[in-house]
Amino acid sequence: MNAPVDFKALEGMFQRRYHQIEIRFDPEHAIAWTFFRPSGVPCFNLGILNELRAHDESIEASGGRMLYKGELHQIRYYVAASKIDNVFNLGGDLALFHRLVTSQDRDALMDYAKLCVDNMYPRICNYNSPLTTISLVQGEALGGGFETALSSNVIIAERRARMGMPEILFNLFPGMGAYSLLGRRVGMKRAEEMILSGRIYTAQELHEIGVVDLLVDNGTGEARVHDFIRRNDRHRNGMQAVFNCRQHFHRVSYEEMLNITNVWVDAALRLDEKDLRMMSRLVRSQFKRAQSGISGDLPEVARLAMA
């Protein structure tokens, strides 16, 4: 049962203006949509991370509800998607990482990493509400983008989507949930192999090993989300309860995520000049791609990882 909420306070929270995310609510099936549209490089910069946390805090504070046309509506499904052509999200802010590692700023690295965990963990817990989370991946989901996709109950991916964790290319690993969430889906050994390979996988490959739940044709993602919801809506209570069991059968705790994040920060601070040069190369590739338009060939990070 939902606790009483301060409507006036929540109204102010829901009416915030966002610049790097787009919010939509579909009242017919009570679907909350959040679309990523980060400024510049389509990565998780501090701005989009703070906007996501502010928006999701309002959902948590309202008991899993969303303000729509002056009334609070219970959310049944929460979909994360992207407004950037052919990109879900390219992951962490490599330009920021490079700067902080070079200056050996552990506190700032930890602040960034903790903000990522503070965004991920409530989604893993379904915002402590009876709702189902869905990731709609219609392009590249790399590093933290892949981690974000994994944080949902259901992953729906178009055939053009590619996902992977290329951090090993610059001698690091994805430290904000990949180990825990991928391990829960494919087992620890397979998760380690995927992380250490740095490979970028097709949506088809990930569907075959059980990471992607539903593989759909290109350009049909949003329609297939609606189809999935219509097919399952009659038994959504049971479905959501089954998904909730994951946090009892194979729990991912906040403490576990923070501990792994600390390992990531320590490892980042040990990167040497060669590693940082590779990171710089990938930063330049991301900036060049953002300036010339997102759609088109794979970014250099993906080509290197698939080589």
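The values are calculated or read from the model by the stated rules, or taken from the named source; none is laboratory data. Note that the structure is predicted; figures quoted are calculated from it, not measured. Note: ideal-geometry Cβ built from the backbone for every residue, glycine included; neighbour counts use all protein chains shown. These area figures cover heavy atoms from the full protein model, side chains too; ligands, DNA and RNA do not enter into them. Shrake-Rupley method; radii C 1.70, N 1.55, O 1.52, S 1.80 Å.
Here each label is just a point 7 Å from Cα along the line to Cβ, and for residue 263 and residue 251 those points are 1.9 nm apart. Sequence neighbours fewer than 8 away in the same chain don't count; with that in mind, list the lysines whose C-alpha is under 21 Å from residue 274. Those lysines meeting the cut-off do not exist here.
This model, with +1 at the C-beta of Lys and Arg and -1 at the C-beta of Asp and Glu, gives the chain a dipole about its Cα centre of some 380 debye. The residues packed around residue 121, meaning those with a beta-carbon under 12 Å from its beta-carbon, carry a net charge of -2 if Lys and Arg are +1 and Asp and Glu are -1. Per-residue SASA remark: residue 271, around 20 Å² accessible (1.4 Å probe; ligands, DNA and RNA not included).
The alpha carbon radius of gyration of the chain, expressed as a multiple of 2.2 N^0.38 Å, is 0.96. With both residues required to sit in the chain, DSSP beta bridges show an antiparallel share near 35%. Under the membrane-span-like helix rule (DSSP H runs whose alpha carbons stretch at least 15 Å along the helix axis, mean Kyte-Doolittle hydropathy -0.5 or higher), the chain yields 46-61, 106-124, 254-269.
Reported to the nearest whole Å, the Cα centre-to-centre distance from the stretch 196-229 to the stretch 26-96 is 20. With N the number of residues in the stretch 9-158, Rg(Cα) / (2.2 N^0.38 Å) evaluates to 1.04. Element breakdown for the stretch 93-197 at a 1.4 angstrom probe: carbon and sulfur atoms account for 51% of the accessible area.
With a 10 Å cut-off between alpha carbons and a GNM built on the chain, which of 81, 241, 268 moves the most? The residue that fluctuates most here is 241. Tally Lys and Arg at +1 and Asp and Glu at -1 over the other residues with C-beta under 11 Å from the C-beta of residue 99: what net charge comes out? Cβ neighbours under 11 Å give a net charge of -2.
Among residues other than residue 233 with Cβ under 14 Å from its Cβ, the summed charge is +2 (Lys and Arg +1, Asp and Glu -1).
Taking a ≥ b ≥ c as the square roots of the eigenvalues of the Cα gyration tensor, an a/c ratio of 1.5 or more together with a/b no larger than b/c marks the stretch 116-265 as oblate. Ranking 274, 69, 83 from most to least accessible surface, computed with a 1.4 Å probe over the protein chains only, gives 69, 274, 83. Take the stretch 159-216 with all the other protein chains still there, run a 1.4 Å probe, and you get 40 Å² of accessible area per residue. For the stretch 79-90, putting each phi into the Karplus relation 6.51 cos²θ - 1.76 cosθ + 1.60 with θ = phi - 60° gives couplings of 9, 9, 8, 9, 9, 8, 4, 6, 9, 7, 5, 8 Hz, in residue order, rounded to whole numbers and with x for Gly and Pro. The translational diffusion coefficient of the stretch 95-194, from Stokes-Einstein at 37 °C and 0.692 mPa s with a Kirkwood hydrodynamic radius over alpha carbon pairs, comes to 224 µm²/s. Cross-link reach is defined here as a Cα-Cα straight distance under 28 Å, omitting same-chain residues fewer than 8 places apart; for residue 69 the lysines meeting it are 8, 83. Legend: residues 125, 245, 43, sorted from most to least accessible area (1.4 Å probe; ligands, DNA and RNA excluded), read 245, 125, 43. Largest to smallest in accessible area, the residues 146, 287 fall in the order 287, 146 (1.4 Å probe, all protein chains included).
Taking every protein chain into account, the 1.4 Å probe leaves residue 168 with about 60 Å² of accessible area, to the nearest ten.
Put simply, the amide H of residue 87, placed in the peptide plane, has neighbours under 5 Å in 140, leaving out anything fewer than 5 places away on its chain.
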